[in-house]
Amino acid sequence: QRARSQFAQAVADLAARPQSIDTLRSAGVVCLLRPLLLDVVPSIRQTTALALGRLADYDVEMAEAVVKAGILPQLICSLPEENRYYKKAATFVLRAVAKHSPQLAQAVVRSGALEMLVICLEDFDPGVKEGASWGLGYIARHNPELSQAVVDAGAVPLLVLCIQEPEIALKRIAASTLSDISKHSPELAQTVVDAGAIAHLAQMIPNPDAKLKRQVLSALSQIAKHSVDLAELVVEAEIFPVVLTCLKDSDEYVKKNGATLIREIAKHTPELSQLIVNSGGVAAVIDCIGSCRGTVRLPGIMTLGYVAAHSENLSMAVIVSKGIPPLCLCLVEEQEDHIKAAAVWALGQIGRHTTEHARHVAVANVLPTLLDIFMDPRSSEDLKTKASRFKALKNILQKCTYLPALEPLLHEAPPSILKHIIGQFSKVLPHDNKARRLFVTTGGLKKVQEIKAEPGSLLQEYINTINNCYPEEIVR
């Protein structure tokens with residue numbers, strides 16, 4: 001007995017050190033541990049389960065070895081009669097196997113583990129509940145089918161009870177698992193809502209524990225993202241204005257998840273965006289973008305784009321709240337291409353409504369930067385990104401009649417963009433004396449004469465319209 005106990009303990013200790021894993025692997029340690037799972041001594045069974053959990057947790061190969069050795073059914077068969085230490089170790093093994101891939105998670109489900117994990121959710125020991133909740137989350141996160149299997153096993157109502165328990169660690173894991181279940185489809189999110197999760201999650205937003213707040217905000221985002229109805233249910237739980245405090249949190253992930261939740265609500269309808277504006281949400285998001293860097297900014301940038309896209313009034317609300325300068329700043333400060341792309345898109349949504357909206361964007365002196373980003377040879381690698389940048393720039397240019405901002409672009413813009421710039425000049429110059437004078441003195445008219453346009457093309461028509469505003473000798 002002592003030898004068996006020492007062996008299991010030694011393997012468990014070695015398995016905790018990454019440098020020992022290859023030696024254990026080549027010694028075929030999984031098969032050596034297997035009989036010890038059925039040992040008559042409870043402490044040996046626990047230590048063996050812990051060793052297997054550590055091995056499976058390390059990499060996908062070890063997890064596959066645990067499945068191939070037929071250990072999962074063995075691990076589960078006696079679970080209800082076992083003590084809490086064994087249950088914790090067993091749920092750790094299941095979680096360690098399930099986390100690596102959908103195929104391994106499916107193997108865990110096939111072994112009958114779901115029923116046992118759900119039984120463990122009702123255990124009196126919070127640590128057992130935590131282990132079970134974690135295991136279910138690792139299964140559910142992979143795909144809708146596995147998530148549905150977790151729901152069908154009856155886990156959701158018990159997870160909602162877990163988030164009401166006093167232990168912070170249990171609350172965190174249960175909220176995280178509800179988030180993993182909700183993310184895949186509106187139907188799965190609905191099962192979480194039907195179990196009454198929203199009200200309990202919303203109550204925890206002000207909780208001082210940052211890790212819990214992250215999970216709570218993530219779960220509410222995953223519910224709200226799917227449909228207008230689900231987003232409205234989240235809003236009805238009175239998350240505003242309390243969620244705005246998260247945007248000032250010292251924890252970066254709390255900030256990011258708070259902004260993500262607001263984004264997932266804003267994107268659905270003008271009414272929901274208006275509600276965010278009315279609660280001071282846009283101003284809070286703008287402050288948040290200004291106070292952080294990198295991917296934490298991304299959901300805030302997207303929020304401004306979604307709000308502005310809905311209507312002229314909402315776009316103006318973003319402008320009035322001084323939303324344009326921090327977006328311009330993102331274009332200069334950020335290195336990551338996808339963050340720049342989001343800022344370009346958001347500016348396009350703000351400027352596309354009327355000449356007044358476009359003027360606000362143009363006055364911020366952002367058009368040359370947008371043009372540089374569009375022309376950047378690195379950005380042309382991804383055609384989709386290139387197209388979205390062209391669209392954003394075009395959206396602003398088609399509405400922009402603020403000529404001082406357009407003139408510098410005449411000298412750099414490629415033909416695809418030039419057409420839209422010249423188009424705006426041909427609209428404004430015939431009706432504006434002062435603009436016509438300036439256009440000559442700043443060299444704009446000279447530049448127009450240098451443009452080679454196809455006879456009969458739209459660009460040539462625009463050039464003719466501009467030239468007709470001036471006496472022939474000036475044009476010459």
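The values are calculated or read from the model by the stated rules, or taken from the named source; none is laboratory data. Since the model is a prediction, treat every value here as computed from it, not as a measurement. Here the Cβ positions follow ideal geometry from the backbone for every residue, glycine too, while neighbour counts run over all protein chains shown. The accessibility values were calculated without ligands, DNA or RNA, using every heavy atom of the protein model including side chains. Shrake-Rupley method; radii C 1.70, N 1.55, O 1.52, S 1.80 Å.
Note on segment 428-446: residues that are surrounded by 15 or more Cβ atoms within 10 Å (Cβ to Cβ) and not aromatic (F, W, Y) amount to 9. Here D39, D59 are screened, and the one residue that is without any contact (Cβ under 8 Å) to a residue 60 or more places away in the chain and surrounded by fewer than 16 Cβ atoms within 10 Å (Cβ to Cβ) is D59.
The helices (runs of 4 or more DSSP H) found wholly in segment 1-86 and carrying at least 1 residues that are among the acidic types (D, E) occupy 2-15, 21-26, 42-58, 60-68. The residue pairs whose first member lies in segment 284-299 and is within 14 Å of D249 (Cα to Cα) and touching a residue at least 12 places away in the same chain (Cβ under 8 Å), whose second member is in a helix (DSSP H, G or I) and among the polar types (S, T, N, Q), and whose beta carbons are closer than 8 Å, counting only pairs six or more residues apart or on different chains, are V285/T303.
Against the criterion of being at pLDDT 95 or above, open to solvent by 30 Å² or more (accessible area, probe 1.4 Å) and closer than 21 Å to E145 by Cα, H200 does not qualify.
Among the residues of segment 185-194, those identified as aliphatic (A, V, I, L, M) and either modelled with pLDDT under 95 or closer than 10 Å to L233 by Cβ (or both) are A189, V193. Being within 25 Å of the chain's Cα centre (by Cα) and open to solvent by 10 Å² or more (accessible area, probe 1.4 Å) holds for only one residue in E82, E187, and it is E187.
In segment 228-255, what residues are under 25 Å from I350 (Cα atoms), at pLDDT below 95 and surrounded by fewer than 16 Cβ atoms within 10 Å (Cβ to Cβ)? Of everything in segment 228-255, those that are under 25 Å from I350 (Cα atoms), at pLDDT below 95 and surrounded by fewer than 16 Cβ atoms within 10 Å (Cβ to Cβ) turn out to be P241, K248. Take the conditions (1) in contact (Cβ under 8 Å) with a residue 24 or more places away in the chain; (2) assigned by the TED database to the domain that holds P325; R436 misses just one of them, which is (2). State yes or no: is A413 hydrophobic (A, V, I, L, M, F, W, C) and part of a loop (DSSP other than H, G, I, E, B)? Considered against the rule, which asks whether it is hydrophobic (A, V, I, L, M, F, W, C) and part of a loop (DSSP other than H, G, I, E, B), A413 comes out as yes.
Return the only residue of G290, G258 being open to solvent by 40 Å² or more (accessible area, probe 1.4 Å) and in a helix (DSSP H, G or I). Walk me through how you get there before you give the answer.
On the way: G258 fails: open to solvent by 40 Å² or more (accessible area, probe 1.4 Å).
G290 is the lone residue from the list that is open to solvent by 40 Å² or more (accessible area, probe 1.4 Å) and in a helix (DSSP H, G or I).
The single condition among (1) of a type outside the set (K, R); (2) at pLDDT below 95; (3) assigned to a helix (DSSP H, G or I) that F124 does not satisfy is (3).
From the list A65, A98, A107, which residue is closer than 27 Å to P18 by Cβ, surrounded by 23 or more Cβ atoms within 10 Å (Cβ to Cβ) and touching a residue at least 24 places away in the same chain (Cβ under 8 Å)? Step through it out loud before you land on a result.
Details: A65 fails: surrounded by 23 or more Cβ atoms within 10 Å (Cβ to Cβ); A107 fails: surrounded by 23 or more Cβ atoms within 10 Å (Cβ to Cβ).
Testing whether each residue is closer than 27 Å to P18 by Cβ, surrounded by 23 or more Cβ atoms within 10 Å (Cβ to Cβ) and touching a residue at least 24 places away in the same chain (Cβ under 8 Å) leaves just A98.
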